[in-house]
Amino acid sequence: MDSILFQNKKVLKVYGNTDAITLKRAHFSFYLIIFGFFASAAALISTIFQSYSLPNFDIQLPIILSILLINVVFIITLFYFLKGNLLIAGNLVFYGCTSILWGTILIGGTVPLSRLNTYFFILISLTLLPLIIETKKKIFLFWFFNIVMLCLLYVKIYFFESDLMDPVLLYDTFIDAFLSMTFGSLAMYAVYTLNEMALDSSAKEIAKREEIAEELRFHKSNLEVLIEEQTIDLKNAFSDIKKGNNELRLKNIELENTLINLKNTQARLVQSDKMASLGVLTAGVAHEINNPLNYINGAYLGLEDYFKNKDNQNEAEIEFLLESIKTGLEKTKNIVDGLNQFSRTNVDNNETCDIHSILNNCIAILNTQIKYKAEITKEFKANHFNVTGNNGRFHQVFHNILTNALDAISENGEIKITTQNKGEQLVIKITDNGHGIKKEQIDKITDPFFTTKPPGKGTGLGLSISYSIINDLKGTIQFKSKEFQGTTVTIKLPISIVSS
Amino acid sequence: MKEKVKVLYIDDETLNRRIFEFNFRDYFDIRFAEDGIDGLDKLKEFSDVTHIISDYRMPKMSGLEFINEAKSLYPDKLFYLLSGFDITAEIREAIDNKTISKYFQKPYNREDIKSTILS
């Protein structure tokens, strides 16, 4: 109901911003004033009519005047209420009504009937009291004002209208009025105090609730901050992971590239190992070929001299010179033959390979290097020495092993090469008395790029390539070595089915 | 007749020594050694030798090692290297610091050796 009323246009506008208690006060005050206005208007009309019927019209005048004044006060009050000024309206109606009432009583209210008519105003004023009085001081003022007025009334009746009342009854009435006024004020004070305490406790309760709400808000905002922080952390972690992922992807690509590079490098190194072997080879071959060519050349020069100077005839000398030419030619032919084995480009593993002649070829090619460093002992005991494979590759294997043996020897070396048949296998053993291989290195010697030679001298691929060549042919290659004593390489190969 | 130039030829291969003898016996008075050690002995023995021609690759001691040692003992004598190998950095250095007067390559050019030694 309240809400409907205060949602009504003007009233809502006026009290919209005030608190609930003030609204309630305004609510009751407003209707009381309207009620009071109608009541006092009715009283006015009835008093006027009564006055006409009575012979002493004059006596009624102060009463009519007072009621009229009260009506005016009510109208002004209503005006202030509608304007929204609750304080002015409240005070106006209270003090206005009370003053008019007392004024009427004191000036002309000796007629008991006139006092009865004021009942409405007293009722309205008293009802309004709790609504208007908002301080303890006002309660005291109300009490004091009424006591003063009561005293004035007592004095007036005692001294000027003593004929109307028995002094004892007057005194008794005065005491009654005084006590009821005092008790009324005390009751009002009590209600006010209780009200204040209730308000205070509710305010405290509200404050407490607000505190809790504030705390909750704080926690909530804290929580929000925490959540935000966590979210940021998570986002960061996520972006970190994303970044990490990206990095991993890049690393992966890099690794893939490195792998490709490595493969390329390996291929190049395999090629360079071949080229290195070839380099050693050509230097050796050049020397080897130049030597027999020197025989031929020298023999030619000798023969030239001989035929220019016929006097100097010497059969033995001619024979020697011719023999020199023949030896030179044969040696050159052998070297070129051996060289051809290396330059073969066939990659198939289906050739019949004569291991003995391959070993001889390799010895011939390494002759220059072997000659001044080591003595080679050959014990070719195998009857079946043909295996299926690739001639060029076998040359590579034995060239590598013999080169390593030579590199291990500093001087006065011995290299022993033996072949023999064991069951279906051809076993080739190459033993040297070089500086050997350290115990901790023997497992690594077939690893690609592992080398004990100084940088630039070895690629570390020789034995790795040899190992894979032998492996491809279903053979095995083993290394036994003692440091400072020498190394034995044992190669086992399946004998070719079409062996001789 | 003018006395022939005395030459020491060092080579480990008999065939080479004999062919050298056949080719140059008309021009030089030739002594032979089989390797560096032998060469040093022969130099001590035949102090009148003025020109020494050595092979490069030999057992015990390389031609260059022999020449380095011999040159320090006999700085006035002239040393030559005769080898089937291509000229190497080591040989180039020896030529540059005058340890070796000239490098001959096998198969040799007889006229080149003859004119160098006789000049």
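Where a number appears in this text, it was derived from the coordinates with a stated rule and is not lab data. What you see is a predicted model, and the numbers here were worked out from it, not measured in a lab. Virtual Cβ from ideal backbone geometry, glycine too; neighbours counted across all protein chains shown.
Using a ≥ b ≥ c from the Cα gyration tensor of region B:5-118 (square roots of the eigenvalues), is it rounded, prolate or oblate, where a/c under 1.5 gives rounded and otherwise the larger of a/b and b/c decides, a/b for prolate? Rounded shape, in that the Cα axes give a/c under 1.5. In a reduced charge model with +1 at each Lys and Arg Cβ and -1 at each Asp and Glu Cβ, region A:344-494 shows a dipole moment near 160 debye about its Cα centre.
Checking understanding here: applying a Kyte-Doolittle mean of at least -1.0 and a length along the axis of at least 24 Å (C-alpha), which whole DSSP H helices in chain B pass? Within chain B not a single helix satisfies the rule.
Short to long, the 5 Å bins of the Cα pair-distance histogram for region A:344-494 hold 2, 9, 19, 24, 22, 16, 7, 2, 0 percent of all pairs. Roughly how far apart, in whole Å, are the Cα centres of region A:235-266 and region A:352-407? Centre-to-centre (Cα) distance: 47 Å.
When only alpha carbons are used to place a centre, region A:141-201 and region A:475-495 end up 137 Å from one another.
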